[in-house]
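In what follows, a single structure is set out as structure tokens and then discussed.
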Amino acid sequence: MKSVNGHEIIELFEQFSPKSYAMEGDPIGLQIGSLNQRVEKVMVVLDVLEEVVDEAIEHGVQLIIAHHPPIFRPLKKIDTSSPAGRMISKLIKHDIAVYAAHTNLDVAKGGVNDLLAEALELTNTEVLVPTYDAILKKVAVFVPEEDADHLKKVIGDAGAGALGNYSHCTFSSSGLGEFLPNEEATPHIGKPGKIESVNEVKIEAIFPAHLEKKIISAMIKAHPYEEVAYDVYQLDNKGETLGLGRIGEVRELTLGEFAEHVKYALDVSAVRVVGDLQSKVKKVAVLGGDGNKYFTAAKMKGADVYVTGDMYYHVAHDAMMIGLNIIDPGHNVEKVMKDGVAKKMKQLCEEKGYDVQFISSTIHTDPFQFI
């Protein structure tokens, strides 16, 4: 197993939740501490509160990955006698770095909204509010014929050639490669000072731009040549559309029955409901956090009910007037990301052979309670 620092862990994290997915102005990324230090244990949290930091200290954590940024607005001062100041002081004293992934984790495949949709058992899901069209690139690399199949697998495993429900999609063409190694070269094929001709294959594959570093690194590592000849192009093709929220289907229930399902699935004691409890629910939209802005998107896409948090009084009236049912289970249901991200990161780190442990915070951070 390989010892790693915070940069290596976050590089893996950003392969599925890159910063480019975030909404403009969202304060994401490293917020406190340094990623330079060795990391043996990471804790995934929803909110960074003082109690959560105490939990991290108790477990010997070096890095916190949080959904809600602890520094959401610019700080004018750090008063270490205040709760926020004590929290920051403890993090610095115990060398615990905090990295925040907010709307980029909402948008990401396998992120907050996919985890909520999965918990609610939605099927045939699609993006509710498109916010991001993936940029596509193409890599073209030249390799000896006998090494072509291996290199195709390596770049495919790294994410190249993923198209819809297919992976490892490539196009190959054959040709003759020529090169002249100088006296300082140590060629895989041929001898220094002699022109060499090799039957080569040109492999081409499309990939999303945020995976470029990973794919090129894997390709160069696996390639037999001392100097790898390859090209990378940006394409005009439209990539996968990503965004906030998800919309899908459930087996038909009444609104009242579905509200009970939401309580159980998202582990909350109560929900606020707008609409006739006997009305039928089949198509469901869900958006983690504060979804007030997007209730009309849910209606336009044919949702029978919109599951989201922090619903305002007058927005609820507006939803009633357009015939859209609402279930508000609160903002804290985004806690589903704790185990989801920890599981995903554990898998990615095991694949890389990283010696790091992931745990989920067990501290309940919802400020509200129902009595």
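The values are calculated or read from the model by the stated rules, or taken from the named source; none is laboratory data. Given the structure is predicted, the values throughout are model-derived calculations rather than measurements. Note that we place each Cβ from the backbone using ideal geometry, even for glycine, and neighbour counts take in every protein chain shown. SASA here: full protein model, heavy atoms, side chains in, ligands and nucleic acids out. Shrake-Rupley method; radii C 1.70, N 1.55, O 1.52, S 1.80 Å.
Laid out as a table, the results:
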{"read-out": "Filtered residue count, segment 124-146, keeping only those that are at pLDDT below 95 and either out of contact with any strand residue (DSSP E or B) (no Cβ under 7 Å at 6 or more places or on another chain) or not aliphatic (A, V, I, L, M) (or both)", "value": "2"}
{"read-out": "Test: residue in segment 284-300 that is buried (at least 16 other Cβ atoms within 10 Å of the Cβ) and acidic (Asp, Glu)", "value": "no"}
{"read-out": "Residue within segment 143-158 that is open to solvent by 50 Å² or more (accessible area, probe 1.4 Å), assigned to a strand (DSSP E or B) and of a type in the set (Lys, Arg) present", "value": "no"}
{"read-out": "Lone qualifier among VAL273, VAL228 - being of a type in the set (A, V, I, L, M, F, W, C), open to solvent by 20 Å² or more (accessible area, probe 1.4 Å) and in a loop (DSSP other than H, G, I, E, B)", "value": "VAL228"}
{"read-out": "Subset of segment 40-54 that is among the charged types (D, E, K, R) and under 22 Å from the mean Cα position of the chain (by Cα) - its residue that is least open to solvent (accessible area, probe 1.4 Å)", "value": "ASP47"}
{"read-out": "Residue count for segment 222-266, restricted to those that are out of contact with any His (no Cβ under 6 Å at 6 or more places or on another chain), in contact (Cβ under 8 Å) with a residue 60 or more places away in the chain and not hydrophobic (A, V, I, L, M, F, W, C)", "value": "17"}
{"read-out": "Exclusive hit being free of Cβ contacts under 8 Å to residues at least 40 places away in the same chain, surrounded by fewer than 16 Cβ atoms within 10 Å (Cβ to Cβ) and over 16 Å from the mean Cα position of the chain (by Cα), set ILE71, ILE57, ILE92", "value": "ILE57"}
{"read-out": "Residues (touching a Pro at 6+ places or on another chain (Cβ under 7 Å) and more than 21 Å from CYS349 (Cα to Cα)) located in segment 200-222", "value": "GLU200"}
{"read-out": "Lone qualifier among VAL336, VAL341 - being β-branched (Val, Ile, Thr), assigned to a helix (DSSP H, G or I) and out of contact with any Leu (no Cβ under 7 Å at 6 or more places or on another chain)", "value": "VAL341"}
{"read-out": "Close pairs from segment 21-40: first under 15 Å from ILE65 (Cβ atoms), partner of a type in the set (Phe, Trp, Tyr) and crowded, with 19+ Cβ neighbours inside 10 Å, Cβ under 8 Å, at least 6 apart", "value": "GLY29/TYR99; LEU30/TYR99; GLN31/TYR99; LEU35/TYR99"}
